[in-house]
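The values are calculated or read from the model by the stated rules, or taken from the named source; none is laboratory data. Quick caveat: nothing in here was measured; it's all calculated off a predicted structure. Note that each Cβ is placed from the backbone with ideal geometry, even for glycine, and that neighbours are counted across all protein chains shown. Side chains are part of the model used for accessible areas, which takes the heavy atoms of the whole protein and leaves out ligands, DNA and RNA. Shrake-Rupley method; radii C 1.70, N 1.55, O 1.52, S 1.80 Å.
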Amino acid sequence: MMAEQSARKGRMLTMLIAGAFLLLVSMLASILYGLRIFGLRDLWQAYSAFDGSTEHLILTNTRVPRTLIAAIVGASLAMAGAIMQVLTKNGLASPSLFGINSGASLFVVAALVMGGGAFALKQLIWFAFIGAAAAAVLVFALGSSGSRIEPSRLALAGASIAAFGTSMTSGLILVNKQSLDDALFWMIGSVSGRSLEHLELVLPYIGTGMLCCMLVARALNVMALGEENAMGLGMRMKYVQMVSAAAVILLAGSAVSVAGPIAFVGLVVPHLCRAVTGNDHRWLLPYCAVAGAILLVTADTLSRFIVPGKEIPVGIATAIIGVPFLIRVARRKKDA
Amino acid sequence: MLNAKRKQTAIVVLLVLLALAVAFISLSIGSVSVPLPEVLTALLTNGGGESGMIVTGFRLPRVIAAMLVGASLAVAGALLQGVLRNPLASPDVLGVTGGASVSVVAFMTLTTGLSIHWVPFIAVAGAMATGSLVYILAWRKGVSPYRMIIIGIGISTAAGAMTTLLLISGPAYLAAQVLNWTTGSLYGTNWSYVSMLWPWVALLIPLSLLCARELNVQALGEETAVGLGSRLQLSRFFALLFSVSLAGVAVGVAGALSFIGLLAPHMVRALVGHSYRLLLPASAAAGAIILLLADLAGRMLFQPLDIPAGVFTAGVGTPFFLYLLFRKRRGGLRG
């Protein structure tokens with residue numbers, strides 16, 4: 001029994017390391033390939049002997065930032081999605097179900113309507129983050145009775161708040177058509193056109209969110225078994241739920257503020273990873289981080305090549321890569 | 001117990017009456033307001049005079065279409081939530097809306113010179129095709145709720161991606177037109193839409209009601225249902241077929257309206273309880289009310305603009321839903 005467990009542990013660790021390696025390769029590919037193709041030497045020189053040439057500027061100001069943003073946003077969304085699915089006990093849950101995406105969109109569009117063109121991307125990031133957090137806190141409050149979250153109630157409160165936010169946003173856009181173009185840039189969801197400065201704004205929050213995740217990972221295992229079991233084992237549900245909700249808000253809120261609403265990653269990656277790790281969140285969460293990063297980085301790279309001469313929204317490419325895996329995982333799963 | 005049931009039945013009747021009342025009021029108000037007695041005369045005499053023309057020629061088809069579409073979407077959602085045993089299920093999850101959207105957008109971008117009147121049929125075909133694709137891919141010695149949901153999400157995401165891809169490679173003016181369609185609108189609905197819609201609804205909603213007993217049994221869990229003699233796969237197939245068809249024709253006429261299919265069933269669950277016998281008709285009435293109100297708001301609030309009803313479905317429905325959620329705080333609202 002013991003030997004079996006440590007063998008499993010070894011296997012999990014090996015696969016995680018292999019995943020991390022794959023992530024590095026995909027990040028390198030994302031930095032080097034695009035409309036202009038670079039070699040490893042160019043990358044080295046861009047940092048060791050920067051000469052201000054267009055090539056070096058593209059590498060340091062465009063490619064490297066968007067690759068890092070894609071990796072971190074992908075990882076955050078996937079981890080947040082995994083936690084949402086435990087909190088609501090529903091495989092259909094994702095960070096957008098917490099109202100995060102629609103809250104962020106609503107605040108950004110409202111800011112654009114009221115402030116005209118006065119806001120730069122840097123300010124919009126704050127509006128988005130506040131909107132995401134406000135919506136999530138509202139959903140959290142509506143979805144709990146007493147001070148404990150009720151899974152199905154949380155899911156429904158989230159679904160309706162998300163729908164409400166979306167409808168308010170479309171209303172604002174329809175009434176004030178001028179804000180549409182500015183808003184659309186943000187609402188499509190993309191990792192390009194952002195700089196490292198934008199990422200630095202939210203990095204502390206993402207770091208805290210990931211820490212929260214790992215703190216509650218073991219407790220989530222018990223929670224996944226059902227509330228009665230968790231209480232029976234003397235778990236402080238309230239505390240675990242609060243920390244988990246905070247983690248979702250920090251991770252998904254930051255990701256959405258930087259990259260706009262990217263929906264599919266947070267939903268699909270936890271399902272893919274669960275096929276490997278099972279319901280052990282101590283493994284599931286790091287796996288999600290790595291796989292989410294790989295998915296978004298690869299999708300971003302692919303989005304430069306699907307339509308020649310034109311970049312397509314990264315959401316299309318995540319679907320192209322993710323959907324076949326998702327269908328395969330669903331069909332292979334035995335017991336459901 | 002008996003008393004509670006009588007009360008719940010009364011609520012269903014009340015909801016249906018409320019839907020009719022809202023419809024009646026919708027006929028009277030608009031850019032030209034027609035007093036209620038004149039509305040009644042127009043309905044009885046089949047549209048004499050100018051105000052009669054407005055009522056029976058323009059408003060009545062739109063109001064009837066709103067009721068039929070709202071009711072269809074809500075029943076489709078309730079059926080799906082029952083079959084998939086997931087409170088978050090809605091026609092969107094099975095790719096019905098996504099499939100309809102992608103086929104409509106493909107039709108608009110790839111073909112030229114074909115009449116716009118084909119759009120409803122294209123949408124229905126797209127919805128049915130995606131629904132069947134999900135069903136086939138989820139089939140492995142039967143379909144299971146888990147596989148249906150996960151594969152449904154995959155397919156509808158893929159459909160969404162294809163829609164965006166077609167949009168950005170097509171001409172720019174189409175984007176606005178398509179956005180209008182994907183929000184869901186009843187603008188320009190005339191009698192020909194109604195005559196296309198009502199036979200389906202008149203056939204499918206009664207058939208859906210026949211599923212009620214089966215859904216009640218399945219709510220007890222798969223083993224129990226089989227133990228009670230339920231033919232699980234067969235009844236799942238029919239419930240899914242009715243649901244996808246209802247949502248398909250609704251989306252065909254009114255575009256990709258979200259919200260009603262997901263949340264109308266939950267609203268009435270808080271009022272009439274969990275038995276599908278009452279839940280299905282109550283959902284139909286609630287769906288009709290929500291869409292009537294949303295369409296009314298779209299016509300009235302920003303005159304002379306006619307805002308798509310889809311913008312207001314959540315706006316009309318959410319406050320009421322949250323009130324129910326809040327009221328039920330102690331009782332616990334189960335999916």
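For the stretch B:196-215, the tally of residues that are outside any helix (DSSP H, G or I) and open to solvent by 40 Å² or more (accessible area, probe 1.4 Å) stands at 0.
Only one of (1) polar (S, T, N, Q); (2) at pLDDT below 90; (3) part of a helix (DSSP H, G or I) fails for residue A:76. Which number is that? Single failed check for residue A:76: (2).
Conditions (1) open to solvent by 20 Å² or more (accessible area, probe 1.4 Å); (2) of a type in the set (Asp, Glu); (3) at pLDDT below 80, marked per residue:
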| residue | (1), (2), (3) |
| --- | --- |
| A:123 | yes, no, no |
| A:127 | yes, no, no |
| A:136 | no, no, no |
| A:149 | no, no, yes |
| A:156 | no, no, no |
| A:165 | no, no, no |
| A:180 | yes, no, yes |
| A:190 | yes, no, no |
| A:200 | yes, yes, no |
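Of the numbered conditions (1) without any contact (Cβ under 8 Å) to a residue 24 or more places away in the chain; (2) assigned to a helix (DSSP H, G or I), residue B:33 satisfies every one except a single condition; which is it? For residue B:33, the failing item is (2). The residues listed here are A:315, A:322, A:253; of these, the one that is in contact (Cβ under 8 Å) with a residue 60 or more places away in the chain and farther than 20 Å from residue A:210 by Cα is A:315. Would a scan of the stretch A:313-336 turn up a residue that is away from chain B (no Cβ under 11 Å) and open to solvent by 20 Å² or more (accessible area, probe 1.4 Å)? Scanning the stretch A:313-336, I find no residue that is away from chain B (no Cβ under 11 Å) and open to solvent by 20 Å² or more (accessible area, probe 1.4 Å), so the answer is no.
Just to be sure, is residue B:128 away from chain A (no Cβ under 12 Å), closer than 18 Å to residue B:79 by Cβ and buried (at least 16 other Cβ atoms within 10 Å of the Cβ)? In short, yes.
Does the stretch A:223-244 include one or more residues that are in a helix (DSSP H, G or I) and modelled with pLDDT of 90 or more? Yes, the conditions are met somewhere in the stretch A:223-244.
In the set B:79, B:94, B:68, which member is in contact (Cβ under 8 Å) with a residue 60 or more places away in the chain, of a type in the set (A, V, I, L, M, F, W, C) and within 14 Å of another protein chain (Cβ to nearest Cβ)? I'd like the intermediate steps shown before the answer.
Values: B:79 fails: within 14 Å of another protein chain (Cβ to nearest Cβ); B:68 fails: within 14 Å of another protein chain (Cβ to nearest Cβ).
After ruling out the rest, the residue left standing is B:94.
Scanning the stretch B:134-172 for residues that are among the aliphatic types (A, V, I, L, M) and within 21 Å of the chain's Cα centre (by Cα) yields B:134, B:148, B:149, B:153, B:155, B:159. Counting only residues that are buried (at least 24 other Cβ atoms within 10 Å of the Cβ), closer than 25 Å to residue A:108 by Cβ and not β-branched (Val, Ile, Thr), the stretch A:262-291 holds 3 of them.
Kindly indicate whether residue B:228 is surrounded by fewer than 24 Cβ atoms within 10 Å (Cβ to Cβ), touching a Lys or Arg at 6+ places or on another chain (Cβ under 8 Å) and of a type in the set (A, V, I, L, M, F, W, C).
Working: surrounded by fewer than 24 Cβ atoms within 10 Å (Cβ to Cβ): yes; touching a Lys or Arg at 6+ places or on another chain (Cβ under 8 Å): no; of a type in the set (A, V, I, L, M, F, W, C): yes.
Here the answer is no, as residue B:228 does not meet what is asked.
Conditions (1) touching a residue at least 60 places away in the same chain (Cβ under 8 Å); (2) open to solvent by 10 Å² or more (accessible area, probe 1.4 Å), marked per residue:
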position	(1), (2)
A:78	yes, no
A:96	yes, yes
A:101	yes, yes
A:107	no, yes
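Could you please find all residues in the stretch A:91-116 being assigned to a loop (DSSP other than H, G, I, E, B) and at pLDDT 85 or above? Residues satisfying the conditions are A:93, A:94, A:99. So for the stretch B:134-145 (the condition being in a helix (DSSP H, G or I), over 19 Å from residue B:79 (Cβ atoms), at the interface with chain A (Cβ under 10 Å from one of its Cβ atoms) and of a type in the set (Gly, Ala, Ser)), does at least one residue qualify? Scanning the stretch B:134-145, I find no residue that is in a helix (DSSP H, G or I), over 19 Å from residue B:79 (Cβ atoms), at the interface with chain A (Cβ under 10 Å from one of its Cβ atoms) and of a type in the set (Gly, Ala, Ser), so the answer is no. Total residues in the stretch B:299-320 satisfying the condition of being more than 10 Å from chain A (Cβ to nearest Cβ) and either farther than 19 Å from residue A:160 by Cβ or in contact with a strand residue (DSSP E or B) (Cβ under 7 Å, 6 or more places away or on another chain) (or both): the figure is 5. Listed by first and then second residue, the pairs with beta-carbon distance under 8 Å, at least 6 apart or on different chains, first residue in the stretch A:152-166 and at the interface with another protein chain (Cβ under 7 Å from one of its Cβ atoms) and part of a helix (DSSP H, G or I), second open to solvent by 10 Å² or more (accessible area, probe 1.4 Å) and among the charged types (D, E, K, R), are A:152/A:89; A:152/B:334.
Kindly establish whether residue B:98 is closer than 30 Å to residue B:270 by Cα, modelled with pLDDT under 90 and either assigned to a helix (DSSP H, G or I) or open to solvent by 30 Å² or more (accessible area, probe 1.4 Å) (or both). Break it down stepwise before answering.
Working: closer than 30 Å to residue B:270 by Cα: yes; modelled with pLDDT under 90: yes; either assigned to a helix (DSSP H, G or I) or open to solvent by 30 Å² or more (accessible area, probe 1.4 Å) (or both): yes.
Here the answer is yes, as residue B:98 does meet what is asked.
Out of B:156, B:185, B:169, one residue alone is touching a strand residue (DSSP E or B) at 6+ places or on another chain (Cβ under 7 Å) and within 12 Å of chain A (Cβ to nearest Cβ). It is B:169. Only residues that are within 14 Å of another protein chain (Cβ to nearest Cβ), farther than 24 Å from residue B:62 by Cα and either touching a strand residue (DSSP E or B) at 6+ places or on another chain (Cβ under 9 Å) or β-branched (Val, Ile, Thr) (or both): list them for the stretch B:237-279, please. Listed by number, the list holds a single entry, B:268.
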